[in-house]
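Data block below; observations after.
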Amino acid sequence: MSASDEGIAAAAGYAPHPYVGGRTPALRALAAWRMRWPGAPRVIVLTGNPGSGRSRLVTGFLMMCDPGYRKQLPLDDLDPATVPPDLPAPAVPNPSGRTAAQLLWVIADHFGLNADRGEDIFPELAAREEPVTIVVPDVDRAGPVRAAHEPARLVRDVLKPLAATETVQLLADVPRELAAELAEALPSGQVQIIDLDAPEWADPKGLVLHAETALDPGAGAPELPFTTDPAVRRPLAEALARRADGSRLTVQLAVQSLLMQPEGFDPADESLLPATVGEALDLHARRLGVDPQTLRLLLAPLAFAEGEGLPVQLWGVLANAVAGADMSQDLADGMLLAAPFIRPVEPDAEEDADGEAAEDGTDDGRMLLRLQHPGIAEEIRSGLPDVRDAQTKIAMALLEAVPQQNWAKADPYIRDHLAAHTLEAGLLPQLLTDPGLFAHADPVTLRAAIEAVPLEQLGAPARTYLRTAPLLTRSQAPVDVRAAFLESAFVEDGLAPYAEALHTLGFDLPWRTLWSVPLAGVRAVTTGSLPQEGGEGAAAQPAPGTDGAGTGGEGPAPTSGPAPALRPVAAFVVPEGTPGSRTMPGPDGDAPEEGGGALLLHDLLRPGYVDADPMQVQLPSEETKAAAPFGFSRGADYLRVWARSGQEVVAALLSDTPLTGADLSPDGVLVVATARGVTARQILAAAPAVAPTVPAQRTGAAGSAASDGLEGDHA
């Protein structure tokens, strides 16, 4: 198949694809791939320069693959060799804005796979009896953070394993620099690279048709001397295509510029037509009597914009920052100047799904702007003398735009994408010390940015965030719950000041983490009390292998006056030989059973182990439990605390490792053990004004099983 097939198709009287407008050789190759024609490759890698029309070709091909959309196309008028068979539509996972891991799970959900881990997805696909067809468009738009280079990770971690799976028929649209990497792992008979800029796949006649259609008033163009007269329109379209040398983006921008500002244009002067995207920008500016650099500086903030687009309220602020001068008048006068290259975007309804809202209303009905095509952004960024300096200026301007440095009042764009800008500026590690930003920022975006930084460059708070991020993304938790998860994580990692800071930033936290100990092998926990002789409590002993402060935050300050008669403690069932533990006695005080484990006591309200006889621990009676304000239920890796009055859930805990034990004291201290250790949290939800009186305690060794609450253990 070659470009000469285009002429054959035209000679046979076939109509061009109504959306693609050409590309007959490529459409024939894709149709043969779809019908698994003998000799057709199992994997096709579609590539080309930015603006070559890859996305348009894939979209036009998928129109013919969709059973419902096929009915709207004049298939009988098209070249039969370009029309795929009427089969169920292929899977089309969209990578735009997604990480490689997210895209992989989109594929797993589409096919209903039962994989628990990402690496299990490919064997499950390989085990299917019937082959599956997957089309992955726009790989160059993958990832929530542009500078994190997610397209390369997507090719390495998802597309290459998919291509190697014999039951998968794959079509992927990838940037040229990644095309060879994707194809090189497969035998030549199984893979084909279609480079739309290569001579055998070029489509000069289709590009002329594309330009002529864009200039045609019948297709929506305004009536102008060079659009209404076919004798002028056709030569102009040919000149546009010839100058653009295969770039559909260049033709598109040139036509939009001419239609928007036709004054001063001579269709007979080919020097007024652009050969590149950069020339399209510069020629448009000159025709409007503006310095081309002014246009580029106005568009620079949009060239660096992340996510769905830049809020219009921030455009002027960032343009001033990049230019180092006041661009407000240029911006006010320059809407016609910038219009051919930008487009408005409807705000993503899911962007603030956690319910956050800026107090100044900037996220209420705000307009987002983005450039028409990533190729324009690449051109503008490449023309700047120092990209890192530009990103530094943008990052500083965004920081200054946070009202009173309060992240709750910041524009959602700043909260979610400041990290991406500082990443490319080389400043991200310095930003990662603010617990408020950790809680407010979109965890998917912030995690992607942090993961792009070498681990050795990250400080302790950023490492804690990175460890906690899977919980934040997995749970899709709202901001207050994210703050609660981070508060516990900071205590677990010995960063008590960061945990305490979260209690001062206006979050409605469900708990205060009292302490945490890194203790392996805990298989059960119980809360109770120890009688204290003389009315004075002995000081808690330091945790084994730690200093006197333990690994957690500061507990409640001791109160003045007489000490309580009972000292709240937590008892852990640990492996025998654990430092500080005592062998667990057998039933009725008999000799200990082999492998029965040992007991280790810890103060319930503050860091520190307790050196005491576990047989003296008094467990709450059933009456005490029934009178307590809270109950809890747990599963394999989650736990819920609920108010007994009304059964309302007041706290929900999710763990990245299975829970091995949990108990809730009558006064609302939740003690949870996992493979990582044991952590105590004071539930902060409103409780009865008068705390329940603690009746007589039942005595005896702290048992291996703790109460799971009225609802039992829900896996």
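Of the residues contained in the range 222-238, none is found to be in contact with a Gly (Cβ under 9 Å, 6 or more places away or on another chain), charged (D, E, K, R) and open to solvent by 50 Å² or more (accessible area, probe 1.4 Å).
Looking at the range 219-232, is at least one residue under 19 Å from G53 (Cβ atoms) and at pLDDT below 95? Yes, some residue in the range 219-232 is under 19 Å from G53 (Cβ atoms) and at pLDDT below 95. So for the range 611-630 (the condition being open to solvent by 30 Å² or more (accessible area, probe 1.4 Å) and either within 11 Å of A570 (Cβ to Cβ) or β-branched (V, I, T) (or both)), does at least one residue qualify? Within the range 611-630 (the criterion being open to solvent by 30 Å² or more (accessible area, probe 1.4 Å) and either within 11 Å of A570 (Cβ to Cβ) or β-branched (V, I, T) (or both)), the answer is no, since none of the residues qualifies. Might you check whether a residue that is without any contact (Cβ under 8 Å) to a residue 60 or more places away in the chain, over 25 Å from G51 (Cβ atoms) and crowded, with 21+ Cβ neighbours inside 10 Å occurs anywhere in the range 141-150? Within the range 141-150 (the criterion being without any contact (Cβ under 8 Å) to a residue 60 or more places away in the chain, over 25 Å from G51 (Cβ atoms) and crowded, with 21+ Cβ neighbours inside 10 Å), the answer is no, since none of the residues qualifies.
For the range 111-154, the tally of residues that are over 20 Å from R42 (Cβ atoms) and assigned to a helix (DSSP H, G or I) stands at 12. Buried (at least 16 other Cβ atoms within 10 Å of the Cβ), out of contact with any Gly (no Cβ under 6 Å at 6 or more places or on another chain), without any contact (Cβ under 8 Å) to a residue 24 or more places away in the chain and not acidic (D, E) - does that describe any residue in the range 256-277? Among the residues of the range 256-277, at least one is buried (at least 16 other Cβ atoms within 10 Å of the Cβ), out of contact with any Gly (no Cβ under 6 Å at 6 or more places or on another chain), without any contact (Cβ under 8 Å) to a residue 24 or more places away in the chain and not acidic (D, E), which makes the answer yes. A Cβ distance below 8 Å, combined with a sequence gap of six or more or placement on separate chains, defines the contacts here; from the range 94-113, residues that are at positive phi reach residues that are open to solvent by less than 20 Å² (accessible area, probe 1.4 Å) and hydrophobic (A, V, I, L, M, F, W, C) in the pairs G97/A142.
Taking the condition over 30 Å from H421 (Cα atoms), without any contact (Cβ under 8 Å) to a residue 24 or more places away in the chain and either open to solvent by 60 Å² or more (accessible area, probe 1.4 Å) or of a type outside the set (D, E, K, R) (or both), does I121 pass? Yes, satisfied. Within the set L30, L62, L103, L57, the sole residue that is open to solvent by 10 Å² or more (accessible area, probe 1.4 Å), at pLDDT 95 or above and assigned to a helix (DSSP H, G or I) turns out to be L62.
Given the range 396-495, what helices (runs of 4 or more DSSP H) lie entirely inside it while holding 2 or more residues that are in contact with a Ser or Thr (Cβ under 9 Å, 6 or more places away or on another chain)?
On the way: elements: 412-425, 428-431, 435-440, 443-451, 460-475, 479-492.
Fully inside the range 396-495 and qualifying: 412-425, 428-431, 443-451, 460-475, 479-492.
Across the range 65-100, which residue is nearest to A26 (Cα to Cα) among those that are in contact with a Pro (Cβ under 9 Å, 6 or more places away or on another chain), assigned to a loop (DSSP other than H, G, I, E, B) and polar (S, T, N, Q)? Only one residue tops the list, namely N94.
Does L605 count as part of a loop (DSSP other than H, G, I, E, B), at pLDDT 90 or above and either of a type in the set (A, V, I, L, M, F, W, C) or buried (at least 24 other Cβ atoms within 10 Å of the Cβ) (or both)? Break it down into steps so the answer makes sense when it comes.
Details: part of a loop (DSSP other than H, G, I, E, B): yes; at pLDDT 90 or above: yes; either of a type in the set (A, V, I, L, M, F, W, C) or buried (at least 24 other Cβ atoms within 10 Å of the Cβ) (or both): yes.
For L605, the condition - part of a loop (DSSP other than H, G, I, E, B), at pLDDT 90 or above and either of a type in the set (A, V, I, L, M, F, W, C) or buried (at least 24 other Cβ atoms within 10 Å of the Cβ) (or both) - is met.
Taken over the range 500-513, the criterion of being open to solvent by less than 50 Å² (accessible area, probe 1.4 Å) and without any contact (Cβ under 8 Å) to a residue 60 or more places away in the chain is satisfied by H503 alone. Of all residues in the range 283-293, those that are open to solvent by 30 Å² or more (accessible area, probe 1.4 Å) and in a helix (DSSP H, G or I) total 4. In the range 177-193, which residues are of a type outside the set (A, V, I, L, M) and assigned to a helix (DSSP H, G or I)? Passing the criteria: E177, E181.
Scan the range 298-313 for residues that are part of a helix (DSSP H, G or I) and either crowded, with 22+ Cβ neighbours inside 10 Å or not aliphatic (A, V, I, L, M) (or both) and jot them down. Talk me through it step by step, then tell me what you get.
Within the range 298-313, the subset part of a helix (DSSP H, G or I) is 298-303, 312-313.
Matches in the range 298-313: L298, L299, A300, P301, L302, A303, Q313.
Taken over the range 135-166, the residue count meeting the criterion of being under 17 Å from the mean Cα position of the chain (by Cα) and more than 26 Å from M63 (Cα to Cα) is 10. The single residue among G577, G550 that is at pLDDT below 95, on the phi > 0 side of the Ramachandran plot, surrounded by 14 or more Cβ atoms within 10 Å (Cβ to Cβ) and in a loop (DSSP other than H, G, I, E, B) turns out to be G550. The residue of the range 82-100 that is nearest to L57 (Cα to Cα), among those that are small (G, A, S) and surrounded by 18 or more Cβ atoms within 10 Å (Cβ to Cβ), is G97.
Give the number of residues within the range 202-221 that are farther than 19 Å from A280 by Cβ and free of Cβ contacts under 8 Å to residues at least 40 places away in the same chain.
The initial filter retains those residues of the range 202-221 that are farther than 19 Å from A280 by Cβ, namely 202-203, 205-206, 209, 216-220.
Now restrict to residues that are free of Cβ contacts under 8 Å to residues at least 40 places away in the same chain: 216-220.
Count: 5.
Condition check ((1) open to solvent by 10 Å² or more (accessible area, probe 1.4 Å); (2) acidic (D, E); (3) touching a residue at least 12 places away in the same chain (Cβ under 8 Å)) across all residues:
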{"position": "P403", "(1), (2), (3)": "yes, no, yes"}
{"position": "A410", "(1), (2), (3)": "no, no, yes"}
{"position": "E424", "(1), (2), (3)": "yes, yes, yes"}
{"position": "L427", "(1), (2), (3)": "yes, no, yes"}
{"position": "E451", "(1), (2), (3)": "yes, yes, yes"}
{"position": "L455", "(1), (2), (3)": "yes, no, no"}
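Can you report the number of residues in the range 609-641 which are touching a residue at least 60 places away in the same chain (Cβ under 8 Å) and within 39 Å of the chain's Cα centre (by Cα)?
We begin by selecting, within the range 609-641, every residue touching a residue at least 60 places away in the same chain (Cβ under 8 Å); these are 609-612, 614-621, 623-625, 627-629, 631-636, 641.
Next cut, within 39 Å of the chain's Cα centre (by Cα) only: 629, 631-636, 641.
Count: 8.
Candidates A673, A636, A662, A652: the one that is open to solvent by 20 Å² or more (accessible area, probe 1.4 Å) and not in a loop (DSSP other than H, G, I, E, B) is A652.
The values are calculated or read from the model by the stated rules, or taken from the named source; none is laboratory data. Remember, it's a predicted structure, so these values are computed and weren't measured experimentally. Quick reminder, even Gly has a Cβ in these numbers, built from the backbone with ideal geometry, and neighbours come from all protein chains shown. Just the protein is used for accessible areas: all its heavy atoms, side chains included, with ligands, DNA and RNA removed. Shrake-Rupley method; radii C 1.70, N 1.55, O 1.52, S 1.80 Å.
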